[in-house]
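Right, one structure below, let's go through it.
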Amino acid sequence: MVTIKEALELVLQSVPEPEIRKLKLGEARGFTLAEDICADRDYPPFHRACVDGYAVRLSDLQKGQVSFSPSGTILAGDFDENAPTGGDCVKIMTGASLPAPWDVLFKVEDCIESQDGITIPDKNPEKWHNIDTKGVIASAEDIIIQKNSVLDIRSITALAATGKSVVSVYNLPTVAIISTGSEIIPIDQEPKPTQIRDVNYYSLLYGLQSIGIEPSYYSIVADDKQSLDLAIQKALEYDVVLMSGGVSMGDTDYVPSSLEAAGVKQVFHKVKMKPGKPIWFGVKGEKAVFGLPGNPFSVSVGFKIFVEPYLKKRSCRSFSEPVRANLQTQRTLRGDRPEYFPVKADTRNNQITVTTRPHKGSGDLLAMPETDGVALHEVENRELLVGDTVEFLPW
Ligand code: AMP
Ligand code: MG
């Protein structure tokens with residue numbers, strides 16, 4: 001049986017070279033940039049007025065002049081060649097280009113306006129007061145957003161500003177979800193006494209959505225070889241298949257044999273861990289299949305530990321390494337497998353502390369709501385004491 005670390009290595013080694021595609025900017029949210037984005041011109045492209053106000057020459061102020069007569073108004077979008085000429089002052093609006101010779105700008109509300117002209121409030125401004133000079137933010141050809149950045153609210157303004165209407169991004173894999181189990185029913189159906197609502201679809205759905213992926217296929221399949229073969233065949237039209245249930249030692253746990261019959265080559269079956277030991281992972285060409293054990297807590301942990309890193313690597317995203325946290329509750333390990341246990345986390349004095357939450361094993365559906373992630377109890381220390389350091393992985 002492989003260890004958690006070995007299993008993760010095998011999973012990550014199976015990730016194919018990320019594909020690059022071009023997308024319209026409006027459709028690229030959540031994708032990772034496959035190109036550096038360079039400024040196509042200076043930013044701002046002209047001396048830009050930052051306020052609505054009056055522009056004058058600094059040299060006039062330095063000579064002691066305080067009253068000025070505006071010779072006209074420059075509006076945003078006006079061409080420099082049409083700007084009013086002559087005189088000792090112009091009125092200018094925010095976003096307009098300020099041509100020579102003007103080099104200081106005062107806000108309208110700070111000037112005293114009268115019939116004879118305006119009086120300036122400050123005799124000693126810095127040159128370019130209230131003006132963003134051409135190229136002050138970026139020069140043409142500067143890299144302004146680096147390759148491998150995720151397209152989100154942080155990068156969108158720079159991309160739109162540089163006119164990137166189409167961007168090169170790393171493709172997100174397409175994903176199919178199959179929930180197996182003859183007891184599993186859709187959550188909007190009234191369950192008979194022995195039926196169970198399909199929880200796993202929703203935790204996998206949310207997990208996928210958190211990395212910008214919408215599943216392309218979903219099916220609930222009974223523990224029946226034929227139905228399973230059919231669903232697997234359909235799901236293998238997509239890049240990644242996430243299955244839950246049917247990978248243990250039960251009489252109707254057909255998932256591994258059905259996958260192998262469909263040509264999916266097993267990479268590992270079973271990982272020395274708790275929960276989620278029976279996890280199955282295999283590949284078919286560039287496709288990957290995760291067979292997660294059916295218990296909802298095992299699915300959440302399996303997704304976090306193996307599926308998320310796989311998907312993130314495949315779409316060129318960085319994934320968070322576990323962080324060190326300080327355990328606030330004593331804990332005893334039962335059994336001989338490293339165990340992920342649910343915790344509540346807190347940050348105090350720049351240190352993360354975690355507290356165990358009550359948890360009735362991997363079938364405990366209600367163990368999750370009050371948790372922030374899982375911590376790992378390694379086998380070397382059967383007793384974890386208050387103040388011990390543990391690996392913590394936030395949800
Ligand atoms: P299995 O891995 O198929 O043996 O299932 C283990 C346990 O998880 C059983 O109690 C199942 O009823 C439960 N289970 C399996 N799939 C789901 C699911 N999609 N939603 C909720 N519980 C499930
Ligand atoms: Mg089952």
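Below is a table of values for the structure above.
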read-out	value
Hits in the range 217-235 - residues which are β-branched (Val, Ile, Thr) and either under 20 Å from TYR310 (Cα atoms) or away from ligand 2 (no atom under 11 Å from the Cβ) (or both)	ILE220, ILE232
Count of the range 17-32 residues which are at pLDDT 95 or above and in contact with a helix residue (DSSP H, G or I) (Cβ under 7 Å, 6 or more places away or on another chain)	1
Residues of the range 132-169 satisfying the condition of being of a type outside the set (Val, Ile, Thr) and assigned to a strand (DSSP E or B)	ASP132, ALA138, SER168
Condition broken by GLU370, with the remaining ones in (1) without any contact (Cβ under 8 Å) to a residue 40 or more places away in the chain; (2) loosely packed, with under 15 Cβ neighbours inside 10 Å; (3) within 19 Å of LYS274 (Cβ to Cβ); (4) touching a strand residue (DSSP E or B) at 6+ places or on another chain (Cβ under 7 Å) satisfied	(3)
Filter pass, LEU151 being away from ligand 1 (no atom under 16 Å from the Cβ) and crowded, with 19+ Cβ neighbours inside 10 Å	yes
Verdict on ILE156 being within 30 Å of GLN65 (Cβ to Cβ) and surrounded by 13 or more Cβ atoms within 10 Å (Cβ to Cβ)	no
Strands (runs of 3 or more DSSP E) contained entirely in the range 32-130, each with at least 3 residues that are hydrophobic (A, V, I, L, M, F, W, C), crowded, with 17+ Cβ neighbours inside 10 Å and in contact (Cβ under 8 Å) with a residue 12 or more places away in the chain	89-92, 104-107
Hits in the range 236-257 - residues which are surrounded by 19 or more Cβ atoms within 10 Å (Cβ to Cβ) and either under 21 Å from ILE196 (Cβ atoms) or within 11 Å of ligand 2 (Cβ to nearest atom) (or both)	LEU242, MET243, SER244, GLY245, GLY246, VAL247, ASP253, TYR254, VAL255
Residue ranges of strands (runs of 3 or more DSSP E) in the range 170-289 with at least 1 members in contact (Cβ under 8 Å) with a residue 60 or more places away in the chain and more than 12 Å from ligand 1 (Cβ to nearest atom)	175-180, 240-244, 265-269, 280-284
Scope the range 346-385; condition of a type in the set (A, V, I, L, M, F, W, C) and closer than 20 Å to GLY302 by Cα; matching residues	LEU365, LEU366, ALA367, MET368, VAL374, ALA375, LEU376, VAL379
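One line per residue, one yes/no per condition, for (1) within 16 Å of ligand 2 (Cβ to nearest atom); (2) surrounded by 17 or more Cβ atoms within 10 Å (Cβ to Cβ); (3) among the hydrophobic types (A, V, I, L, M, F, W, C); (4) modelled with pLDDT of 95 or more:
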| position | (1), (2), (3), (4) |
| --- | --- |
| VAL166 | no, no, yes, yes |
| ILE178 | yes, yes, yes, yes |
| GLY181 | yes, yes, no, yes |
| LYS192 | no, no, no, yes |
| LEU204 | yes, yes, yes, yes |
| PRO215 | no, yes, no, yes |
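The values are calculated or read from the model by the stated rules, or taken from the named source; none is laboratory data. Quick caveat, the model's predicted, so the values are computed rather than measured. Methodologically, a virtual Cβ is constructed for each residue, glycine included, from the backbone with ideal geometry; neighbour enumeration extends over all protein chains shown.
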